[in-house]
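Trainee: There's a structure below that I have some questions on.
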Amino acid sequence: MKVVADKSKAFEQCVENALHRNPNLAVGKITIFLVVGPSGAVKSARVDPPKYESSDWAQCMVSAGKRIVFPSSDGETELEIPFKVGVAVVP
């Protein structure tokens with residue numbers, strides 16, 4: 001998680017840019033899922049809930065996630081990174 005914390009500015013920048021374009025952006029909690037291969041390279045990234053995958057801010061966050069390089073490991077690992085985007089959505 002230290003690697004993610006070191007790279008969190010890139011994720012934050014995606015959200016800040018989206019809020020600059022739309023100050024009333026109301027999404028709430030999302031999760032970025034990263035699949036990291038044994039080499040430490042991110043093999044895939046996705047946003048959950050899937051309804052946001054096509055948004056510009058989510059694509060930015062997926063791209064930021066794919067650029068992270070983790071330490072090598074014995075196998076493939078899936079990471080879940082929680083975020084809050086925009087103002088909280090009231091159920």
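Just so it is clear, none of the values below were taken in a lab; they were calculated from the coordinates. As the structure is a prediction and not an experimental result, all values here were calculated from the model. Methodologically, a virtual Cβ is constructed for each residue, glycine included, from the backbone with ideal geometry; neighbour enumeration extends over all protein chains shown.
Trainee: For the range 1-49, just say rounded, prolate or oblate: build the C-alpha gyration tensor, square-root its eigenvalues into a ≥ b ≥ c, call rounded for a/c under 1.5, and beyond that prolate if a/b exceeds b/c, oblate if not.
Mentor: prolate
Trainee: Something else about it: Counting helices only, and only those DSSP H runs with n ≥ 4, report the 222 nm mean residue ellipticity of the chain as the sum of -39,500 (n - 2.57) divided by its residues, in deg cm²/dmol to the nearest 500.
Mentor: Here the helix-only value at 222 nm equals -9500 deg cm²/dmol.
Trainee: May I pose another question? For the range 19-35, in order, what is each residue's ³J(HN,Hα) by Karplus, 6.51 cos²θ - 1.76 cosθ + 1.60 with θ = phi - 60°, in whole Hz (x at glycine and Pro)?
Mentor: In residue order, the calculated couplings are 5, 5, 6, 9, x, 9, 3, 10, 10, x, 7, 9, 9, 9, 9, 10, 9 Hz.
Trainee: Another question, then. Set Lys and Arg Cβ to +1 and Asp and Glu Cβ to -1, take the dipole of the range 2-86 about its Cα centre, and tell me which of 59, 86, 35 lies farthest positive.
Mentor: Farthest towards the positive pole: 86.
Trainee: Round to the nearest 10 and give me the degree value, 0 to 90, for the angle of helix 56-66's Cα axis relative to the longest principal axis of the chain.
Mentor: So the helix axis and the longest Cα principal axis differ by about 10 degrees.
Trainee: Go through 57-67, 38-48 and give me the packing order, highest mean Cβ count within 10 Å leading.
Mentor: 57-67, 38-48
Trainee: Given H placed 1.01 Å from N in the peptide plane, which residues other than close sequence neighbours of residue 44 have an amide H under 5 Å from its amide H?
Mentor: Result for residue 44 returns 35.
Trainee: Indicate, rounded to the nearest 5 percent, the antiparallel portion of the DSSP beta bridges found entirely in the chain.
Mentor: Within the chain, antiparallel bridges account for around 95 percent of the total.
Trainee: Next question. Rg and Dmax of the range 2-86, using alpha carbons, in Å: what are they?
Mentor: Reported Rg and Dmax, both Å: 13.0, 44.
Trainee: Applying 1/(1 + (r/R0)^6) with R0 = 25 Å to the Cβ-Cβ distance of residue 77 and residue 24, what FRET efficiency is obtained, to the nearest 0.05?
Mentor: 0.10
Trainee: ³J(HN,Hα) across the range 73-84 via Karplus (A = 6.51, B = -1.76, C = 1.60, θ = phi - 60°), whole Hz, x for Gly/Pro?
Mentor: Karplus-based 3J(HN,Hα) across the range 73-84 equals 9, 7, x, 7, 9, 10, 10, 10, 10, x, 9, 10 Hz.
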